[in-house]
Amino acid sequence: MEDRAGPELFKIAKTGLDSFAGALKKASYEVLAPVQDGEATRFGVLSDEEIQIPRLSTRPLKELFFPQDEPLLSFGCGGAEAMSVEASGVVASESISPRVVLGARPCDARSLVLLDNVFVSSEYRDPYYAVRREKTVIITFACLSPGAACFCESTGSGPYDETGSDILFMGLADSYVVKPVSERGKGLLKEVFPLSEDGFSGESCILHPVDGEDIQAAVDATRAEEKLAAFAGVPVEAAVAALQDVDAFDASTWEEIYRKCLGCAVCTYLCPTCHCFDIGDEIVGASGERVRNWDSCMFPLFTLHASGHNPRPSKKERFRQRVMHKFSYFVENNGCVACVGCGRCVEACPVNQDMRQILSVFASRGGGS
Amino acid sequence: MNKMTDGAAGNGARDTIQEGIRKIAAKMLESGEAQVFIGYEEGTLPLRTTPAFITCPEDTVRLVWTPFCENNLTVYLPEYKGRDDVTVGLIVKGCDVRTLVNLILENQISRDRVKIIGVPCEGVIDRAKVAKVLGTDRIIRDSKVAGPSLVLEGDGFEVEIEIEDVLADPCEACRHPVPVIYDVLAGNGYEVSKDENPERAYLEIKQFVELPSDERFSFFARKIEECIQCYACRQACPLCYCPECFVDRQTPKWVSRWRGLSDKILFHLGRVLHVAGRCVDCGACRRACPVGIDLRLLTKHMEKVVSDSFGYESGLDLDGLPLLATYRRDDPDDFIL
C-alpha cells in the first residue's frame, strides 16, 4: 500500500464527522455506525442523528455480518399428501446494498479477519457472510484511551491496529488524521471525495490532504509507549503454549476457575469472534424457513445428544471449551488466537469472571497443572 | 433508604463486618462445619467484587465486604443439592437470605447443609448509575469506598460521589436489610435502618402500571426487542434452577429462537410468572442483563400483585409454605384475566 499515487493522509475536523457521514449517504452508501438501543449501543443504520463514537459499543461488530438470526432459505410444504419442499435459494444476500461501517474500533475490525477464517476460508464459503463482507467498507477509529478491561495489545492487536480496516481515523486534539489502509478504502475516498484542483477534496472541503510526515509525528505522540502499555500486560502467548499442552484438557485448574461461572451466554454473544450457530426449521402452516441463529457453548443444549447423553455435562466442561476454542483449537486451525482483547466478556460478565486472569493462571502454572 | 445508624458511618463498620466474616469463615472451615465457603473477593475491575469459593481457612483473608458485593451467592446452592458430604458456608445479605429461605422451602438445599453468615446490608452500588453520574466517556481506573462516599479515579480526574445516590434500585426501598435467618450475624450490634413505607418500593412501577395497556405493551415490546437471549437474567436468578428451562426444551419445542418478538416475550413472561410469589427483588436479573433491560418492572409488579392479593411477602418464613403451595377457598382471583 505504500507506493500508491495521491495523498497518503488526510485530515478532517472532529466537527466534520456528520458531513462525512452525509457525503457517504449521498453517494448511496448505507452508513452503519454505533447507535443507541435502549441502554446499550450497537451497530445500526445511522439515520439523521449525530454520529457518536463510544469507547466501545456494547454489542460487537460481528452482527452486521453474522446476524443473531437469519433465514437461510424458505420453503413451502404442499400439504399432507404431497410434501413438496421447495427451496427458494439464498434469501438475504441479494438485499444487501453497498455499505460503510463508520466508527468501528480496531479490535472489532480485526475480529472480522479472524471470522473470515471460519466463514470464507479456502475450504468453505458462507454466502450470507461473504456477501456482507464484500459489500462493506470498514472505517475504524483508533483508540486513545483504554477501558478498564482492554487488552488488545496482548492479543497481537492494538489501539492503532489496521488489520481489517479499510480506512483508519486517528484522533488528534480537534481533528482526525484519515489514513486509507486498503485499496478499497482509498477507492471509497476517491469516489466520495474527489480531489479538486486547489487540492481540497469533496464539495464541502471537509477532507484535506495533509503532509504525511508532520501528521505522522503528531499521531506518534498520541500513541506513546506508556499509553500502549495500558492495553497490554496479559501473557497470551505463554497461556496459549500452556493450553496447547497435551495435559491442559485435564488440568485441575479448570476445577478451580469454572465455579463462579453462571452458564449464561453474555461472554459468547458479546464476543466479537465467537461464531457458533445452530440451524433449525421454523414452520408455520404450509410454509417455513430454515433459520440460522447464534448458539453458545455455555448452554447445556449446545452439545446435548438426541440420546440424552451430553459430552459436556457440567459448566466445567463448557467453560473449558470456551477457553480452549479461543486459545488452543483456533490457534491450531488458523494460527492465531480467537480473541482481540476488547474486554467485553470481562466487563459484561455478571460475576466478573475475567479471561485475563484465566490466561495469567495458565501462563504461570502451565497446562499440566 | 438505608442509612447507617452507626456514628462512625463507614469503613469502620464495614471493616468490622469484613473482619467478622473472615474469622467466622475460617472457623467454619477449620472445624469442618463447612467444607466450602462462598463469599466475595476483590474483583478485577473498579466497582466490582467477584464470588470466591474457599476451602482452606488461610484463604479466608481474601474475603471482602464492600458496597460492591452485588452478587446473590445463593444462586450456587442448587448445585450442591443432594450432596450430603458437603456443607456450604456462605455470606448472605438481607435479600439474598430470602432466596435462600425459598430454596430451602422448595427442597433445593437442606437447611442443615448451609451455614449462613448474615450481613446487615446498607445496599449495593448500581454500576450503571455510577457511569451515568460520572459520564459514560470517563473511564474509571480505581474505586474506593470512604465512609458514605465513593471515590472514583480515572485519567485526569478524581471524583467523590455519595454512595446513597448510586444505590441499586431495590436497595433504595429495602425493607429487610438484616437477614431474617442466619447462623452467625457478622458485625455484631451493627444496625442499618430500613424503609418502613411498603408503598415506596412500588413508586417506581406505579407510573408505568397506570399507563394505558397499549402504551405499556409497546414500551414492553420495545424493551424486549433489545433482548439478545443470552439468558443471563435466568442464570443469575437463584430461583431459576430448573434443570431444563422450558425455552431449552426440544420435544415439544416451546420457543424458537426466531426473529420474532413473540418468542422473546414468551420467555420473559414465562420467567416472570414462574418467579411470581417467589421473587424477593434482589435485583440479580437486572444487574446481569448485558443490554440494560430493566426486568424489575415486571417482577416488581408481580410482587405487588402477590402482596395485594394474598398479603404474602416471599422468603421471610422458614416454617411457612410457598405461596403457590397453598390454597384457600376465598383466594382472590380478580387478577386473572
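Does B:Gln229 meet the test of being closer than 21 Å to B:Ala288 by Cβ and modelled with pLDDT under 95? Steps first, answer last, please.
Details: closer than 21 Å to B:Ala288 by Cβ: yes; modelled with pLDDT under 95: yes.
Judged against the criteria, B:Gln229 is a match.
Quick one: which of B:Leu185, B:Leu152 is farther than 17 Å from B:Val92 by Cα and crowded, with 18+ Cβ neighbours inside 10 Å?
Values: B:Leu185 fails: farther than 17 Å from B:Val92 by Cα.
Selected residue: B:Leu152, the only one of B:Leu185, B:Leu152 that is farther than 17 Å from B:Val92 by Cα and crowded, with 18+ Cβ neighbours inside 10 Å.
Looking at B:Leu324, B:Leu269, B:Leu337 in this structure, which one is at pLDDT below 95 and within 30 Å of B:Asp126 (Cα to Cα)?
Values: B:Leu324 fails: within 30 Å of B:Asp126 (Cα to Cα); B:Leu337 fails: within 30 Å of B:Asp126 (Cα to Cα).
Answer to the check: B:Leu269.
Select from the stretch B:81-104 the residues that are assigned to a helix (DSSP H, G or I) and open to solvent by 10 Å² or more (accessible area, probe 1.4 Å) and write down the one among them that is nearest to B:Arg278 (Cα to Cα). First the steps, then the outcome.
Here is the first cut: in the stretch B:81-104, the ones assigned to a helix (DSSP H, G or I) are B:96-104.
Next cut, open to solvent by 10 Å² or more (accessible area, probe 1.4 Å) only: B:98, B:104.
Details: B:Arg98: 9, B:Ile104: 12 Å.
Checked the stretch B:81-104; the qualifying residue nearest to B:Arg278 (Cα to Cα) is B:Arg98.
What do you reckon, is B:Lys300 outside the structural domain of B:Glu106 (by TED's automatic domain parsing) and surrounded by 15 or more Cβ atoms within 10 Å (Cβ to Cβ)? Answer is yes for this residue. Screening the candidates B:Leu273, B:Leu295, B:Leu261, B:Leu266 for the property of being within 13 Å of another protein chain (Cβ to nearest Cβ), within 30 Å of A:Gly280 (Cβ to Cβ) and open to solvent by 20 Å² or more (accessible area, probe 1.4 Å) yields one hit, B:Leu261.
Out of all the residues in the stretch B:276-286, is one or more closer than 18 Å to B:Val101 by Cα and outside any loop (DSSP other than H, G, I, E, B)? Quick ask: steps written out before the conclusion?
First pass over the stretch B:276-286, keeping only residues closer than 18 Å to B:Val101 by Cα: B:276-284.
Restricting the remaining residues to those that are outside any loop (DSSP other than H, G, I, E, B) gives B:284.
Looking through the stretch B:276-286, at least one residue is closer than 18 Å to B:Val101 by Cα and outside any loop (DSSP other than H, G, I, E, B).
Evaluate the following for B:Val119: is it of a type in the set (A, V, I, L, M, F, W, C), within 30 Å of B:Tyr80 (Cα to Cα) and open to solvent by 30 Å² or more (accessible area, probe 1.4 Å)? Quick ask: steps written out before the conclusion?
Values: of a type in the set (A, V, I, L, M, F, W, C): yes; within 30 Å of B:Tyr80 (Cα to Cα): yes; open to solvent by 30 Å² or more (accessible area, probe 1.4 Å): no.
Judged against the criteria, B:Val119 is not a match.
Select the helices (runs of 4 or more DSSP H) contained entirely in the stretch A:314-369, then report the ones holding at least 2 residues which are buried (at least 21 other Cβ atoms within 10 Å of the Cβ).
The qualifying helices (runs of 4 or more DSSP H) are A:315-324, A:344-348, A:355-365.
Would you tally the residues in the stretch A:254-266 being surrounded by fewer than 19 Cβ atoms within 10 Å (Cβ to Cβ) and assigned to a helix (DSSP H, G or I)? Adding up the residues that qualify gives 2.
For the stretch B:101-129, give me each residue that is among the small types (Gly, Ala, Ser) and under 20 Å from B:Gly283 (Cβ atoms).
Across the stretch B:101-129, the qualifying residues are B:Gly118, B:Gly123, B:Ala128.
Looking across the stretch A:23-34, the residues that are open to solvent by 20 Å² or more (accessible area, probe 1.4 Å) and touching a strand residue (DSSP E or B) at 6+ places or on another chain (Cβ under 6 Å) come down to A:Lys25, A:Tyr29, A:Glu30.
Can you name the residue in the stretch A:36-62 that is under 13 Å from the mean Cα position of the chain (by Cα) and open to solvent by 20 Å² or more (accessible area, probe 1.4 Å) and is also farthest from the other protein chains (Cβ to nearest Cβ) among such residues? Spell out how you get there, then give the answer.
So the first thing to find is which residues in the stretch A:36-62 are under 13 Å from the mean Cα position of the chain (by Cα), and the list is A:42-43, A:56-62.
Next, only the ones that are open to solvent by 20 Å² or more (accessible area, probe 1.4 Å) stay: A:42, A:56, A:58-59.
Values: A:Arg42: 8, A:Leu56: 10, A:Thr58: 6, A:Arg59: 7 Å.
Top of the filtered list is A:Leu56.
When B:Asn197 is tested against the conditions (1) outside any loop (DSSP other than H, G, I, E, B); (2) open to solvent by 50 Å² or more (accessible area, probe 1.4 Å), the lone failure is (1).
Name the one entry in B:Cys242, B:Cys237 that is surrounded by fewer than 18 Cβ atoms within 10 Å (Cβ to Cβ), modelled with pLDDT of 90 or more and within 14 Å of chain A (Cβ to nearest Cβ). Talk me through it step by step, then tell me what you get.
Working: B:Cys237 fails: surrounded by fewer than 18 Cβ atoms within 10 Å (Cβ to Cβ).
Result of the check over B:Cys242, B:Cys237: B:Cys242.
For the stretch B:28-40, the criterion of being at pLDDT 95 or above, surrounded by 15 or more Cβ atoms within 10 Å (Cβ to Cβ), farther than 25 Å from B:Lys194 by Cβ and of a type in the set (D, E, K, R) is met by no residue.
For B:Pro252, the conditions (1) outside any loop (DSSP other than H, G, I, E, B); (2) without any contact (Cβ under 8 Å) to a residue 24 or more places away in the chain; (3) more than 10 Å from chain A (Cβ to nearest Cβ) all hold with the exception of (1). Among the residues making up the stretch A:12-22, those that are open to solvent by less than 60 Å² (accessible area, probe 1.4 Å) and within 25 Å of the chain's Cα centre (by Cα) are A:Leu17, A:Phe20, A:Ala21, A:Gly22. Remark: pairs (first residue in the stretch B:68-80, surrounded by fewer than 23 Cβ atoms within 10 Å (Cβ to Cβ); second residue outside any helix (DSSP H, G or I) and small (Gly, Ala, Ser); Cβ separation under 9 Å; 6+ apart in sequence or on different chains) = B:Glu79/A:Ser314. A count restricted to the stretch A:16-67 and to residues that are part of a loop (DSSP other than H, G, I, E, B) and aromatic (Phe, Trp, Tyr) stands at 3.
A:Phe65 meets the stated requirement of being of a type in the set (Phe, Trp, Tyr) and either modelled with pLDDT of 90 or more or open to solvent by 40 Å² or more (accessible area, probe 1.4 Å) (or both). Do any strands (runs of 3 or more DSSP E) entirely within the stretch A:91-178 hold 3 or more residues that are in contact with a Gly (Cβ under 9 Å, 6 or more places away or on another chain), and if so, which? The strands (runs of 3 or more DSSP E) meeting that bar are A:136-141, A:167-171. Listed by first and then second residue, the pairs linking a residue in the stretch A:108-134 that is more than 11 Å from A:Val340 (Cα to Cα) and small (Gly, Ala, Ser) to a residue that is surrounded by 19 or more Cβ atoms within 10 Å (Cβ to Cβ) and modelled with pLDDT of 90 or more, with Cβ atoms under 8 Å apart and 6 or more places separating them unless they lie on different chains, are A:Ala130/A:Phe119. In the set (1) open to solvent by less than 40 Å² (accessible area, probe 1.4 Å); (2) at pLDDT 95 or above; (3) part of a loop (DSSP other than H, G, I, E, B), B:Thr50 fails one condition alone, (3).
Of the residues making up the stretch B:247-260, not a single one is under 20 Å from the mean Cα position of the chain (by Cα) and among the small types (Gly, Ala, Ser).
Being within 11 Å of chain B (Cβ to nearest Cβ) and either surrounded by fewer than 17 Cβ atoms within 10 Å (Cβ to Cβ) or farther than 24 Å from A:Arg59 by Cβ (or both) is the filter here; which residues of the stretch A:291-303 pass it? Those that are within 11 Å of chain B (Cβ to nearest Cβ) and either surrounded by fewer than 17 Cβ atoms within 10 Å (Cβ to Cβ) or farther than 24 Å from A:Arg59 by Cβ (or both): A:Pro300, A:Leu301.
Looking across the stretch B:125-144, the residues that are without any contact (Cβ under 8 Å) to a residue 60 or more places away in the chain and of a type outside the set (D, E, K, R) come down to B:Ala131, B:Val133, B:Leu134, B:Gly135, B:Thr136, B:Ile139.
The values are calculated or read from the model by the stated rules, or taken from the named source; none is laboratory data. Predicted, not measured: the structure shown is a model, and the values here were computed from it. No Cβ is skipped: glycine too gets one built from the backbone with ideal geometry, and neighbour counts run over all protein chains shown. These accessible areas exclude ligands, DNA and RNA; they are computed on the full protein's heavy atoms, side chains included. Shrake-Rupley method; radii C 1.70, N 1.55, O 1.52, S 1.80 Å.
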